[in-house]
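This report refers to the structure that appears directly beneath it.
The values are calculated or read from the model by the stated rules, or taken from the named source; none is laboratory data. Since the structure is predicted, the reported quantities are computational estimates derived from the model, not experimental observations. As a convention, Cβ positions derive from the backbone with ideal geometry for all residues, glycine included, and neighbour counts pool all protein chains shown. The protein model used for the area step is the full one, side chains on, heavy atoms only, and it has no ligands, DNA or RNA in it. Shrake-Rupley method; radii C 1.70, N 1.55, O 1.52, S 1.80 Å.
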Amino acid sequence: MEDITTVKTLSMFHDPAWKPWAITGKITSVVKGVLEALGMGDYYEQSGEAHERESMSMAKAIMGLREVPEGVRRAVHSADVFAASADRFLTPRTSNVVGVPQYKVNILNPYLRYEIVGPSRNGVEGFVRSSLSLYSKVRDEKLRYNVVYTSLELMWYKHNPKSLPVADTRVLTHSVFDHLYAVASLSNWFLEGTEPSGKFVKVDIPGIQSVIGKARKAKDLWAGSWIVSFLAYKVTEPLIREYGADVVISPFMGLNPFLISSIMRELQEGVRDGKVDKGVVEQYKGLFPEDLLTPYQPVMPATVYLALPNKVGDVKQSISRYYTEAWGQLVDKADTPQLKVVRDYPVMPLRVRVLDVNEVYKEFMGKIKGRGDAELVEVAKSLFLDYMFRKVGEPDKVKVFFGITFYPEANSFTTSTFRDKKGYSMCTMCGVLPAVVSGGKKGEGGTTYPGLDEGENLCGYCYTKRAIGDREGVKDLLEGLGFYTEKDFELLPSTIDIANMELWKEVLERARKSGVKKEGTLPAPLKDYEDVGGLFNVTRDERPLMKLLDPEKREEVVGKLKEYIKDEGFLSGLHKKVKTYYAIVRGDGDMVGSKVLKGIIKVGIREYLRRARNAEDTKDEDKAGKMLTLLKELGLSDGSENVVPVTPVYL
């Protein structure tokens, strides 16, 4: 087996970012000139086509590699050929040289066009110099690869903002970078030979609607969603660190804030350990928008697909262990004693399905060979990944309920409590499990836990959400979990605050006119008023607007607001302006799994092919017909024409 990290790094550089301008002779020998100017000319590659020599030389200089082992070249080439053949159905047959197109189209919606502006030679040279400067200073090879994977495309657009480099000048749908990511992922399956061999894995946290939906406050909704994203990322993190970010074939990890934040943390540690040069952290960080540097937003889906090499061993056991450890780490860092009861019981069980890629490949080829149509066999190569997606995604017959992992413990607790003739409360958020904390009622000797309203009783899982969503130190929590943080956590408004945003603006504006300055963090819609933001949380135990609606608590709130607003007439009638009716709109991304990941889009394949190409093909109709027939015969469509193959580039 070839060195995985070397194979991956060369996969990301086997084509230059400026390929369409290199193969058409518009921009040539940039890397050669830069290396010679830097006194590194001996790294320049002597074999292959001109554009390949440029990119390969860049990779060799970054890695400090004088010669590329033949086995590494073979692995990259095999993955490249397989990835390219998967999208061959898009490529028109023409003997004419096709120039760089004027626009690129969206791969999911070919009606959307993006103008292509050719790069300048200085722009390409700036990209090459910056890449050599950044990546060569990361001496840890595995970390360097993940730095390359997450930032190479951004590095290109930093120097060449509108130069969208199509991977093939005859095809308008995908870029050089789409192809590089696809080759890197597929290289996991070509480390041992020219036939795909490895593991295709689906990891799924089931029942996430119940985890997120069982909520009483806006912060409960956010926390439930964030916990699921955190766990989904954490089950992949050890594999990403060992084999590279490309092992996650879906979702795309290049712009994932969980991964970028983790890499930032690793780079900081690398500087301390002498594995990373100083200045690399700021150079890398400068490539990303601020919002991608800290994983506050729950952008990681609960379903993850992995392309893994054979050497991973018992992947199902490993991933299950990562999941349990991540949940335990989260509970520990939440640092709330009442949560210890659920520490060893993740909120939902984990589903892991593993396919042997070589076995499925042989099964797949067995279904399409022997048809006596060479073109049909060639077209079928586009459907292999699609075939595996359907095979690994077969629906589960067992329904999973919220908190099911804790059911035996809950049953033991309630049984013993009943036997001892003691009482217990059910969780008022989920209504499924017994409560571990109670809000009680002030003045009556009850125990009030932080973040709980009077009369609230929460189970271990629901209190985990509340403890995370309600804590002031979300930034500290993330750092304790191993993430880099760039900025403070944006304050989450309560539902009543969302319903009364315009009223809050009026209140804050009046406070500003009163001349009182007391700063405080505010939600995004109110950011302009942070100089008087302190009044937003004048009452910590309950939202100020909610208290205004209670005649017994109104005087307390008005008294605190008088520190900011001197208009007593306005304050005395403020409670009449509070809106108590609002709508919560629920939306989800089910169409991603049920439609997009199955290649089901709103364009027929004939129209898709017509718009995806930069040249005509007289056999379009014949090729489209054969593709539709094969899709139906393999069970990849119901006969509808609004479907395209799910290929590595498509993902």
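Take Val557 and decide whether it is under 25 Å from Leu452 (Cβ atoms), β-branched (Val, Ile, Thr) and not in a loop (DSSP other than H, G, I, E, B).
yes
Matching residues to (1) in contact with a Cys (Cβ under 7 Å, 6 or more places away or on another chain); (2) among the small types (Gly, Ala, Ser); (3) open to solvent by 10 Å² or more (accessible area, probe 1.4 Å):
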{"site": "Ser136", "(1), (2), (3)": "no, yes, yes"}
{"site": "Asp140", "(1), (2), (3)": "no, no, yes"}
{"site": "Val147", "(1), (2), (3)": "no, no, no"}
{"site": "Glu153", "(1), (2), (3)": "no, no, yes"}
{"site": "His159", "(1), (2), (3)": "no, no, yes"}
{"site": "Pro165", "(1), (2), (3)": "no, no, no"}
{"site": "Phe177", "(1), (2), (3)": "no, no, no"}
{"site": "Leu180", "(1), (2), (3)": "no, no, no"}
{"site": "Gly193", "(1), (2), (3)": "no, yes, yes"}
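Could you grab the pairs with beta carbons closer than 7 Å, sequence gap of 6+ or different chains, first residue in region 622-651 and open to solvent by 20 Å² or more (accessible area, probe 1.4 Å), second one outside any helix (DSSP H, G or I) and of a type in the set (Ser, Thr, Tyr)?
Partner pairs satisfying both residue conditions: Leu651/Ser250.
Hey, can you tell me all the residues within region 249-260 that are of a type in the set (A, V, I, L, M, F, W, C) and over 21 Å from Pro289 (Cβ atoms)?
Once the filter is applied, which keeps residues that are of a type in the set (A, V, I, L, M, F, W, C) and over 21 Å from Pro289 (Cβ atoms), region 249-260 yields only Ile249.
This table checks each residue for (1) charged (D, E, K, R); (2) more than 29 Å from Leu452 (Cβ to Cβ).
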| site | (1), (2) |
| --- | --- |
| Ser320 | no, yes |
| Asp344 | yes, no |
| Val347 | no, no |
| Arg353 | yes, yes |
| Asp356 | yes, yes |
| Ser382 | no, yes |
| Phe389 | no, yes |
| Thr415 | no, no |
| Lys421 | yes, no |
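Condition test on Val357, is it closer than 30 Å to Val644 by Cα, at pLDDT below 90 and open to solvent by less than 70 Å² (accessible area, probe 1.4 Å)?
no
Any chance region 241-255 includes a residue that's within 24 Å of Asp332 (Cα to Cα) and of a type in the set (A, V, I, L, M, F, W, C)?
no
Starting from residues that are in contact with a helix residue (DSSP H, G or I) (Cβ under 6 Å, 6 or more places away or on another chain) and either open to solvent by 20 Å² or more (accessible area, probe 1.4 Å) or farther than 24 Å from Val354 by Cβ (or both), keep the ones in region 295-328 and report whichever is modelled with the highest pLDDT.
Result: Tyr322.
Sort out which residues of region 252-273 are open to solvent by 70 Å² or more (accessible area, probe 1.4 Å) and touching a helix residue (DSSP H, G or I) at 6+ places or on another chain (Cβ under 8 Å), and write them in order of number.
Phe252, Leu255 - these are the residues of region 252-273 that are open to solvent by 70 Å² or more (accessible area, probe 1.4 Å) and touching a helix residue (DSSP H, G or I) at 6+ places or on another chain (Cβ under 8 Å).
I'm checking my understanding of the structure. Among residues of region 108-128 that are among the charged types (D, E, K, R) and outside any helix (DSSP H, G or I), which one is surrounded by the most Cβ atoms within 10 Å (Cβ to Cβ)?
The selected residue is Arg113.
Testing Tyr149 on (1) under 23 Å from Leu38 (Cβ atoms); (2) outside any loop (DSSP other than H, G, I, E, B), one condition comes back false. Which one is that?
Result: Tyr149 passes all but (1).
Being open to solvent by 50 Å² or more (accessible area, probe 1.4 Å) and not acidic (Asp, Glu) is the filter here; which residues of region 537-552 pass it?
Asn537, Arg540, Met546, Leu549, Pro551, listed by residue number.
Kindly indicate which of Val649, Val596 is farther than 30 Å from Glu530 by Cα and modelled with pLDDT under 75.
The match here is Val596.
Would you be able to say whether some residue in region 5-21 is among the aromatic types (Phe, Trp, Tyr) and at pLDDT below 95?
No: region 5-21 contains no residue that is among the aromatic types (Phe, Trp, Tyr) and at pLDDT below 95.
Going by what's in this entry, would Glu502 be described as surrounded by fewer than 19 Cβ atoms within 10 Å (Cβ to Cβ) and within 30 Å of Glu237 (Cα to Cα)?
Working: surrounded by fewer than 19 Cβ atoms within 10 Å (Cβ to Cβ): yes; within 30 Å of Glu237 (Cα to Cα): no.
For Glu502, the condition - surrounded by fewer than 19 Cβ atoms within 10 Å (Cβ to Cβ) and within 30 Å of Glu237 (Cα to Cα) - is not met.
Select from region 59-98 the residues that are at pLDDT 90 or above and not in a helix (DSSP H, G or I) and list them in ascending order.
Start the filter on region 59-98 by keeping residues that are at pLDDT 90 or above, which leaves 59-80.
Answer for region 59-98, where residues must be at pLDDT 90 or above and not in a helix (DSSP H, G or I): Gly64, Leu65, Arg66, Glu67, Val68, Pro69.
Please verify whether Arg88 is without any contact (Cβ under 8 Å) to a residue 60 or more places away in the chain, of a type outside the set (Asp, Glu) and more than 30 Å from Tyr44 (Cα to Cα), treating the condition exactly as stated.
Values: without any contact (Cβ under 8 Å) to a residue 60 or more places away in the chain: no; of a type outside the set (Asp, Glu): yes; more than 30 Å from Tyr44 (Cα to Cα): yes.
Answer is no for this residue.
Here are some residues: Glu70, Glu54, Glu36. Which one is within 35 Å of the chain's Cα centre (by Cα) and more than 30 Å from Gly198 (Cα to Cα)?
After ruling out the rest, the residue left standing is Glu54.
Considering only residues of region 205-245 that are of a type in the set (Asp, Glu) and either at pLDDT 95 or above or out of contact with any helix residue (DSSP H, G or I) (no Cβ under 9 Å at 6 or more places or on another chain) (or both), which is most open to solvent (accessible area, probe 1.4 Å)?
Selected residue: Glu242.
When only residues in region 565-583 that are at pLDDT 85 or above and within 24 Å of Asp470 (Cβ to Cβ) count, which is most open to solvent (accessible area, probe 1.4 Å)?
Lys579
List every residue pair whose Cβ atoms sit under 9 Å apart, with the two residues 6 or more apart in sequence or on different chains, where the first one lies in region 446-461 and is modelled with pLDDT of 90 or more and open to solvent by 20 Å² or more (accessible area, probe 1.4 Å) and the second, anywhere, is of a type in the set (Gly, Ala, Ser) and part of a loop (DSSP other than H, G, I, E, B).
Close Cβ pairs satisfying both conditions: Asn457/Ser425; Asn457/Ala435; Asn457/Gly439.
Any idea which residue in region 158-191 is farthest from Val72 (Cα to Cα), counting only those that are among the small types (Gly, Ala, Ser) and in contact with a Lys or Arg (Cβ under 8 Å, 6 or more places away or on another chain)? Walk me through it before giving the result.
If we filter region 158-191 for residues that are among the small types (Gly, Ala, Ser), which is where we start, we get 163, 167, 175, 182, 184-185, 187.
Next, only the ones that are in contact with a Lys or Arg (Cβ under 8 Å, 6 or more places away or on another chain) stay: 167, 175, 184, 187.
On the way: Ala167: 22, Ser175: 24, Ala184: 12, Ser187: 10 Å.
My answer is Ser175.
For Gln329, work out the one condition from (1) in contact with a Pro (Cβ under 7 Å, 6 or more places away or on another chain); (2) touching a residue at least 40 places away in the same chain (Cβ under 8 Å); (3) not aliphatic (A, V, I, L, M) it doesn't fulfil.
For Gln329, the failing item is (1).
Would you kindly identify the helices (runs of 4 or more DSSP H) lying entirely within region 217-333 that contain at least 1 residues that are within 17 Å of the chain's Cα centre (by Cα)? Give the steps one after another, and end with the answer.
Working: elements: 218-243, 257-273, 280-285.
Per the criteria, 218-243, 257-273.
For Leu609, all conditions in the list (1) under 30 Å from Trp222 (Cβ atoms); (2) assigned to a helix (DSSP H, G or I); (3) at pLDDT below 85 hold save one; what is the number of the exception?
(1)
Out of curiosity, is Gly64 open to solvent by 40 Å² or more (accessible area, probe 1.4 Å), closer than 21 Å to Leu154 by Cβ, touching a helix residue (DSSP H, G or I) at 6+ places or on another chain (Cβ under 9 Å) and small (Gly, Ala, Ser)?
Criteria not met by Gly64.
Exactly one condition in (1) of a type in the set (A, V, I, L, M); (2) open to solvent by less than 30 Å² (accessible area, probe 1.4 Å); (3) without any contact (Cβ under 8 Å) to a residue 60 or more places away in the chain; (4) farther than 29 Å from Ser262 by Cα is false for Val516; which is it?
(2)
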